[in-house]
1. Using a Gaussian network for the chain with springs between C-alpha atoms less than 10 Å apart, which of these wobbles most: Ile102, Ile119, Ile37?
2. Relative to the present Cα-Cα distance, how much length would full extension add between Cys225 and Asp126 at 0.36 nm per residue of separation?
3. Net charge near Leu46: determine it from the other residues with C-beta under 14 Å of the C-beta of Leu46, scoring Lys and Arg +1 and Asp and Glu -1.
4. Which one, [x] 28, 21, 20; [y] 36, 22, 18; [z] 38, 26, 16, gives semi-axes √(5λ) of the Cα gyration tensor in Å as derived from the coordinates shown?
5. Any idea how far the Cα center of region 223-278 sits from the one of region 6-80, in Å?
6. Whole-Hz ³J(HN,Hα) for each residue in region 152-167, computed from phi via Karplus 6.51 cos²θ - 1.76 cosθ + 1.60 with θ = phi - 60°, x for glycine and proline: what do you get?
7. Under 18 Å between alpha carbons, and skipping anything fewer than 8 positions from Lys67 in its own chain: which lysines qualify?
8. Can you tell which of Thr99, Ala155, Leu55 lies farthest toward the positive end of the dipole of region 1-155, using +1 and -1 charges on the Cβ of basic and acidic side chains (Lys, Arg; Asp, Glu)?
Amino acid sequence: MTRIFINFPTNLGDVILALPALDRLKGNFPESRITAIVSTKTKDFLFRHNLIDELVLYDKSWPMDKKREFAFSLRGKFDVAVDLKNTFFPVISGAKLRTPLIRFFPKNMHITDKYLGLISKFTSPDKNIRGEFILEPKEKDKWDKSGIVSSVFIACSSRSIVKKYPYQNLKEMVELLEKDYHVVILGVQDDRSFYADILKLKGVVDLVGKTSMIDIFYLLKNYACLVVGVDSSILHFASYLNVPCVSMFGPTHPGRSYPKSKGSVILCNEELACRPCEKPTCKFNHECMKVDARDIAKAVRKILNK
């Protein structure tokens with residue numbers, strides 16, 4: 001049995017972008033035991049993944065002596081060491097196969113392609129196993145009996161204010177879409193004030209603050225015909241599940257995290273010279289995110305042929 005550890009990224013969105021690398025590793029080493037090094041932000045999420053056998057927590061807030069102790073605890077225990085961050089863990093582990101410490105990638109290369117590039121020397125791209133997130137029967141039953149049908153899922157909020165799709169544009173877009181499609185809106189509890197009256201529109205299913213990321217995996221896999229969203233974890237999940245997306249990118253470069261799902265469309269305000277600025281704040285009233293709602297609705301209809 002091949003013993004593998006994967007040092008996953010700290011944040012949830014990057015972990016979702018790393019799932020193809022996990023699939024490829026398991027496909028290339030089917031008789032393996034995979035240990036995931038996780039953060040406090042991702043441990044509950046990855047605990048539900050069927051390809052992961054063990055979770056080990058690493059907290060970057062630990063004092064240096066505890067970090068050192070953790071690193072040396074890996075020594076001699078693994079055959080393959082995969083570091084999707086950039087630490088000395090693979091070197092310290094002594095694993096025969098390991099990701100490089102020195103790495104060079106193009107600035108705006110897709111993050112998923114970077115992660116796959118890190119394991120390219122000891123894996124074949126032709127060998128992949130699609131992983132799953134494990135739901136309890138009662139969790140599946142809840143959604144299967146909810147009355148949700150094939151729908152356009154919308155995820156246009158973000159923890160970063162500069163990546164949110166503006167409310168007025170969003171309301172117009174939802175009003176255009178709900179005439180022809182079932183619409184489901186996703187988000188965390190804090191997003192309820194952002195969506196406001198949109199959640200009361202006829203034909204809209206309000207799931208804001210009512211789902212975990214594991215629930216979202218199941219919903220997108222089974223009920224999403226398309227996802228409309230900004231650069232966020234939900235968009236990355238849709239891409240991973242090959243659900244077509246209409247995505248709006250403003251301050252972030254779409255090349256690094258655009259949806260790879262077939263038929264997807266990226267919409268940007270191309271005429272603005274300031275984008276993509278990659279900045280956490282904006283002095284131009286978030287103009288780059290003001291993509292015309294009619295363009296979004298048109299893209300959705302083109303993809304869904306309606």
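Throughout, read-outs are computed from the coordinates displayed, never taken from laboratory work. Here the structure is a predicted model, which is why all the values come from computation and not from measurement. Note: ideal-geometry Cβ built from the backbone for every residue, glycine included; neighbour counts use all protein chains shown.
1. Ile102
2. Working: separation 99, 0.36 × 99 = 35.64 nm, distance 2.73 nm.
Roughly 32.9 nm would be gained on extension.
3. Working: positive: Lys26, Lys41, Lys43, Arg48; negative: Asp14, Asp23, Asp44, Asp53, Glu54, Glu132.
Local net charge: -2.
4. [y]
5. One Cα centre to the other: 27 Å.
6. 3J(HN,Hα) across region 152-167, in whole Hz: 8, 9, 10, 9, 10, 9, 6, 5, 8, 4, 6, 9, 6, 7, x, 4.
7. Filter leaves Lys41, Lys43, Lys77, Lys85.
8. Thr99
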